[in-house]
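Q: Structure provided below as structure tokens; questions to follow.
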Amino acid sequence: MSALLGIIGFADPLPRDLRLDGLGAMLPAVTGRDGEWRSGQAVLAWRGFVVTPQDRIDRQPMTGGAGRLIAVFDGRLDAREALARQLDLPEGDALAMPDGQLFLKAFEAWGTGAFARLYGDFACAVWDDQDRRLVLGCDAIGARPLVWRRDGHVMRFASRPAGLFADPDVPRDLDEDNLIRICGRLPIHPTETIYRGVRAVPGGTHLVADRDGVRLHRHWRPGQVKRFTLASDRDYEESFRSVLETAVADRMRSTKPVASHLSAGFDSSTVTAVAARRLAASGRRLTAYTAAPAVGYTPEDAASGALFDESEGAAAVAALHPNIDHVVIRAGHRSPLDGLDRFRLGADRPPHNPVHMVWLDAIARDAAGRGAGVLLHAAAGNATISYDGLHQLGHLILRGRLIAALREAHGVKIEYGSYRLQADALTRALIDRFGLGRRLKRVGFLRRLKQRSMIDSLSRLVIPVREEVRAAIPRADWQEDWFDRRVQEDGGYRADLAIRPIYAALSFYDEAVHGIATRDPTADRRVIEFCWGVPLSVWLRDGLTRRLTRNALAGLLPPAVLGAHRTARQAADWHVGLTAARDEMREEVEAIGRSDLARRILDVDELQRLLDDWPEGNWHRREVRTLYQAKLLNGIAAGQFIRRMTGGNL
């Protein structure tokens, strides 16, 4: 993996003594090879470190196109053999070629048309020194970050905002509107960031910049996924296994051992089991990590049936594969404040969920300490391999197949014990997929209903932003078109889950801070296109949700995992470390209150009230968890980030 950096002067020549100092700011804990190319109009820089065998001979920036093209590349290309055949490259040469060189061959052959043909996780920049044109691009879902800023005829790009801010001419002003959205746990436009003037290259896009301006093009989008049918259930299952196994195998390309996340849930268990079987064929082992509460910890609602310790279920998965070394990480006693500055320095933003960062950090740190080079996870699994298929209910009803819909709904009720999931799915199908909210938005009762929607009704609990600020947050109307909601069978539901900029930030963070590459096979473009392309009936039939995955993976996972319905509670003892850090949080809230911007955005008085009214128990209750995880802790994380970025140690 790599860090990219560059500056382009489309009009006047750049200063001869211009220095690019941002590589160290982006990868502070990683030593690697640095490279730089410069001309009168452009400077491109690169820092790479070895993850894959091909990285050993990687040298960048690269030159191609008879000397006119200069490129820097970050990431990994998959389906390399097929790509080599399309490019008429000798197979042996292509297999040994660094990913960046293979990308440049594709760009030489197809120009910007190469982006639509490429699979993998990547971001890149190509400077045409003859035409004075810059191309920035990334993979389908944006698994690798890339940002840019343009001031007149000068354009800068970097893997992270920190790379831009190393230039003293670049201000690090926060974009207050987008910062409010982040603090309010709401999405910002994929082309924007929380920094004023700093733009992002979103997943599935590339941009072309020259003296005349910047033009954004989309080479992949959710609505372009082709629907297809196969002859039989067996064909679907075999194809599913093949696509998933290929995605896992491609993400295990590494010079070092491989590790994985392993909960008792469907997604990480699947990825771990597939990886273990693949590694066993070559005599290699897999270290699998499970986050669990302290030994002997029992929550107050232990009798409720919720799964608060996933280590036993994860151990059952590991037991099926002799080459798995199962490691249980118990980090609930650690303060969630310990990693806030580390995340800011490694990701240029506040964490999305500080509670989960405690155990995520602990796992990444331990895996890197044991020598692992790759850590597999399955964050996008709900949108792909474990999709429940419940949107099928809405489709059946709206096609007039009421009896079939009732039969499926009743079957799901038998499996899950209630109709709640079916009702939620039907509501999503009617409103999201078929646009009833848009068509009826002028109706008075719907406006009142919207005011009592889930987001608004929970906002006082969830969002640490001041009420008057929260009320002024505009709706994210861009989401409908960006995620192609009107042309997707699920109304864009799965696209919302799979395509999130936070995934790219987390990926680069783990590399910058821990020196380990985190990869998600469930977010592979081929997996996405398969899972979104098959009919909904493949996922839900005869009342059986996740039907395709359960049948395809029978024998690979324990029956208890394949048929699990219990709600898992990650980081069940999160309140232990939180309570121990109460005095530290008081000091932090006082410091946040001295920041004008933080106080203007955040409800600091409410944060202080939550600290004063500390619960003596009932940490299992949803309202308490929401107040102290989502509101207090996220508020402190956002506030500390704001004060550090605007005033240092206030």
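The values are calculated or read from the model by the stated rules, or taken from the named source; none is laboratory data. If you're wondering where the values come from, they're calculated on a predicted model, not measured in any experiment. So basically every Cβ, Gly included, is an ideal-geometry build from the backbone, and we count neighbours across all protein chains shown.
Q: Can you name every one of the strands (runs of 3 or more DSSP E) wholly within the range 128-237 that holds 2 or more residues which are in contact with a Leu (Cβ under 8 Å, 6 or more places away or on another chain) and among the β-branched types (Val, Ile, Thr)? Working first, answer last.
A: Numbers: elements: 133-138, 147-151, 154-158, 205-210, 213-218.
Where strands (runs of 3 or more DSSP E) fall fully within the range 128-237 and carry at least 2 residues being in contact with a Leu (Cβ under 8 Å, 6 or more places away or on another chain) and among the β-branched types (Val, Ile, Thr), they are 205-210.
Q: Of the residues VAL355, VAL328, which single one is in contact with a Ser or Thr (Cβ under 9 Å, 6 or more places away or on another chain), among the β-branched types (Val, Ile, Thr) and either not assigned by TED's automatic domain parsing to the domain that holds THR255 or not in a loop (DSSP other than H, G, I, E, B) (or both)? Working first, answer last.
A: Numbers: VAL355 fails: in contact with a Ser or Thr (Cβ under 9 Å, 6 or more places away or on another chain).
After applying the criteria, what remains is VAL328.
Q: With respect to GLY32, determine if the residue is modelled with pLDDT under 85 and touching a Gly at 6+ places or on another chain (Cβ under 6 Å). Working first, answer last.
A: Numbers: modelled with pLDDT under 85: yes; touching a Gly at 6+ places or on another chain (Cβ under 6 Å): yes.
In short, yes.
Q: Of the residues PRO90, PRO161, which single one is within 29 Å of the chain's Cα centre (by Cα) and not assigned by TED's automatic domain parsing to the domain that holds ALA368?
A: On the way: PRO90 fails: within 29 Å of the chain's Cα centre (by Cα).
None of the other options fit; the residue is PRO161.
Q: Further, regarding this structure: Going through the range 577-613 one residue at a time, which ones are among the β-branched types (Val, Ile, Thr) and either closer than 30 Å to ASN178 by Cβ or assigned by TED's automatic domain parsing to the domain that holds ASN353 (or both)?
A: So in the range 577-613, the residues among the β-branched types (Val, Ile, Thr) come out as 579, 589, 592, 601, 604.
If the condition is that a residue be among the β-branched types (Val, Ile, Thr) and either closer than 30 Å to ASN178 by Cβ or assigned by TED's automatic domain parsing to the domain that holds ASN353 (or both), then VAL589, ILE592, ILE601, VAL604 are the ones that fit.
A quick yes/no check of all residues on (1) modelled with pLDDT under 95; (2) crowded, with 19+ Cβ neighbours inside 10 Å; (3) more than 25 Å from ARG80 (Cβ to Cβ):
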{"residue": "HIS189", "(1), (2), (3)": "yes, no, yes"}
{"residue": "ARG196", "(1), (2), (3)": "no, no, yes"}
{"residue": "LEU207", "(1), (2), (3)": "no, yes, yes"}
{"residue": "LEU216", "(1), (2), (3)": "no, no, yes"}
{"residue": "ALA231", "(1), (2), (3)": "no, no, yes"}
{"residue": "TYR236", "(1), (2), (3)": "no, yes, yes"}
{"residue": "PHE240", "(1), (2), (3)": "no, yes, no"}
{"residue": "SER263", "(1), (2), (3)": "yes, yes, yes"}
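Q: Which condition from (1) of a type in the set (A, V, I, L, M); (2) in the same structural domain as LEU244 (by TED's automatic domain parsing); (3) at pLDDT below 90 is the one that VAL295 breaks?
A: Every listed condition holds for VAL295 apart from (3).
Q: For the range 181-207, enumerate the residues that are β-branched (Val, Ile, Thr) and either farther than 19 Å from PRO171 by Cα or in contact with a Cys (Cβ under 9 Å, 6 or more places away or on another chain) (or both). Explain how you work it out, then say what you get.
A: First pass over the range 181-207, keeping only residues β-branched (Val, Ile, Thr): 182, 188, 191, 193-194, 198, 201, 205.
ILE182, ILE188, VAL201, THR205 - these are the residues of the range 181-207 that are β-branched (Val, Ile, Thr) and either farther than 19 Å from PRO171 by Cα or in contact with a Cys (Cβ under 9 Å, 6 or more places away or on another chain) (or both).
Q: Before we move on, is ASP583 free of Cβ contacts under 8 Å to residues at least 40 places away in the same chain and farther than 29 Å from HIS377 by Cα?
A: Values: free of Cβ contacts under 8 Å to residues at least 40 places away in the same chain: yes; farther than 29 Å from HIS377 by Cα: yes.
Spelling it out, ASP583 is indeed free of Cβ contacts under 8 Å to residues at least 40 places away in the same chain and farther than 29 Å from HIS377 by Cα.
Q: Then there is this: Here are some residues: ALA517, ALA523, ALA581, ALA552. Which one is of a type in the set (Gly, Ala, Ser) and within 30 Å of LEU611 (Cα to Cα)?
A: Result of the check over ALA517, ALA523, ALA581, ALA552: ALA581.
Per-residue answers, yes or no, for (1) farther than 16 Å from CYS531 by Cα; (2) among the charged types (D, E, K, R); (3) in contact with a strand residue (DSSP E or B) (Cβ under 7 Å, 6 or more places away or on another chain); (4) free of Cβ contacts under 8 Å to residues at least 40 places away in the same chain:
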residue	(1), (2), (3), (4)
HIS217	yes, no, yes, no
THR229	no, no, no, no
TYR236	no, no, no, no
ARG241	no, yes, no, no
LEU244	no, no, no, no
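Q: Any idea which residue in the range 93-109 is surrounded by the most Cβ atoms within 10 Å (Cβ to Cβ), counting only those that are farther than 20 Å from GLY35 by Cβ and under 29 Å from the mean Cα position of the chain (by Cα)?
A: Applying the first criterion (farther than 20 Å from GLY35 by Cβ) to the range 93-109 yields 93-95, 106, 109.
Adding the requirement that they be under 29 Å from the mean Cα position of the chain (by Cα) leaves 95, 106.
Working: LEU95: 14, ALA106: 21.
Filtering the range 93-109 for residues that are farther than 20 Å from GLY35 by Cβ and under 29 Å from the mean Cα position of the chain (by Cα), the one surrounded by the most Cβ atoms within 10 Å (Cβ to Cβ) comes out as ALA106.
Q: For the range 50-66, how many residues meet the condition of being part of a loop (DSSP other than H, G, I, E, B) and in contact (Cβ under 8 Å) with a residue 40 or more places away in the chain?
A: Within the range 50-66, the subset part of a loop (DSSP other than H, G, I, E, B) is 50-52, 58-61, 65-66.
Adding the requirement that they be in contact (Cβ under 8 Å) with a residue 40 or more places away in the chain leaves 50-52, 58, 60, 65.
Count: 6.
Q: Out of the range 285-322, which residues are closer than 19 Å to LEU244 by Cβ and part of a loop (DSSP other than H, G, I, E, B)?
A: Answer for the range 285-322, where residues must be closer than 19 Å to LEU244 by Cβ and part of a loop (DSSP other than H, G, I, E, B): LEU320, HIS321.
Q: What are the residues in the range 125-151 that are of a type in the set (Val, Ile, Thr) and within 17 Å of the chain's Cα centre (by Cα), if any?
A: Taking the range 125-151 as the starting set, the residues that turn out to be of a type in the set (Val, Ile, Thr) are 126, 135, 141, 147.
Residues satisfying the conditions are ILE141, VAL147.
Condition check ((1) in a helix (DSSP H, G or I); (2) surrounded by 15 or more Cβ atoms within 10 Å (Cβ to Cβ); (3) acidic (Asp, Glu); (4) more than 27 Å from the chain's Cα centre (by Cα)) across all residues:
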| position | (1), (2), (3), (4) |
| --- | --- |
| GLU606 | yes, yes, yes, yes |
| GLU616 | no, no, yes, yes |
| TRP619 | no, yes, no, yes |
| TYR628 | yes, yes, no, no |
| LEU632 | yes, yes, no, no |
| GLY635 | yes, yes, no, no |
| ALA638 | yes, yes, no, no |
| MET645 | yes, yes, no, no |
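Q: Still on this structure, please answer the following. Name, by its number, the condition in (1) modelled with pLDDT of 90 or more; (2) surrounded by fewer than 24 Cβ atoms within 10 Å (Cβ to Cβ); (3) of a type in the set (A, V, I, L, M, F, W, C) that does not hold for LEU18.
A: For LEU18, the exception is condition (1).
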